[in-house]
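Below: one structure, written as structure tokens.
What follows draws every value from the coordinates through simple rules; no lab data is involved. It should be emphasised that the depicted structure is a prediction, and the values quoted were computed from it without experimental measurement. Ideal geometry is used to build each Cβ from the backbone, glycine not excepted, and the neighbour counts take in all protein chains shown.
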Amino acid sequence: MSQNQCLEAYCANVVDAVMLLYSKNLFEQLLIVVYTSIDTLGLIHSDKIQTEADRETFKIWAEDYLSDTAAFEFTPDDLWLDRCKTLRAPESLIGQCNKARNIQFINESTQNIFIKAVMEATANDIGNQRVVVNIDDFVVYFLDAVLKFSKEYGKKVAAHEINIHHASKILSA
């Protein structure tokens, strides 16, 4: 199986896992899969030779694949903070997030008047410490990002030998 086929299979498994967890309303488990997948995809996406995902690889992938919409107000820093809290990362990692806001995922339609009021009130929080994100929209957007990455990956590998190294180490494990 080629590296591209391995990545396509990995991405298909991520999509299947996220959809299964979403269908069962297991949102904390869903976020664990999302954040560990971003770690993995970020490492593959990286132009540096390294063996472990880190804040930089996570944020670069999030910037490249999750930041191109006005539908969400979160930043890669906000996602990193939520990732650290969700995966119960050491305080030293969470301490690196001084510019980040807490993400509050909601599981209701943004058309709901009450939810709109909560979102507007949160946007005006003192110090802008929190951002509200609709989990339904986030899941769709994340899955689109994974599929986009999977399609673009073959082109990137052809252009950068370093990505072949990342993919062979990560996807063969």
### Message
Please arrange SER150, SER37, SER2 by how many other C-beta atoms lie within 10 Å of their C-beta, fewest to most.
### Response
SER2, SER150, SER37
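Exceeding 25 Å between C-alpha atoms, which entries from my cross-link table qualify? They are LYS48/LYS148; LYS24/LYS151; LYS24/LYS85. All intermediate terms of the calculation are to be shown ahead of the outcome.
Numbers: LYS48/LYS148 21 Å; LYS24/LYS151 28 Å; LYS24/LYS85 22 Å.
Going by Cα-Cα distance, LYS24/LYS151 fall outside the 25 Å limit.
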### Summary
Residues meeting the amide H criterion for ASN134 (H placed from the backbone, H to H distance under 5 Å, 5 or more places apart or on another chain) are ILE106
### Query
By how many nm would the segment from ARG130 to SER67 lengthen if fully extended, with 0.36 nm per residue of separation less the alpha-carbon distance?
20.9 nm
### Query
For ASP16 and LYS99 in one chain, what is 0.36 nm times their gap in residues minus the Cα-Cα distance, to one decimal in nm?
26.6 nm
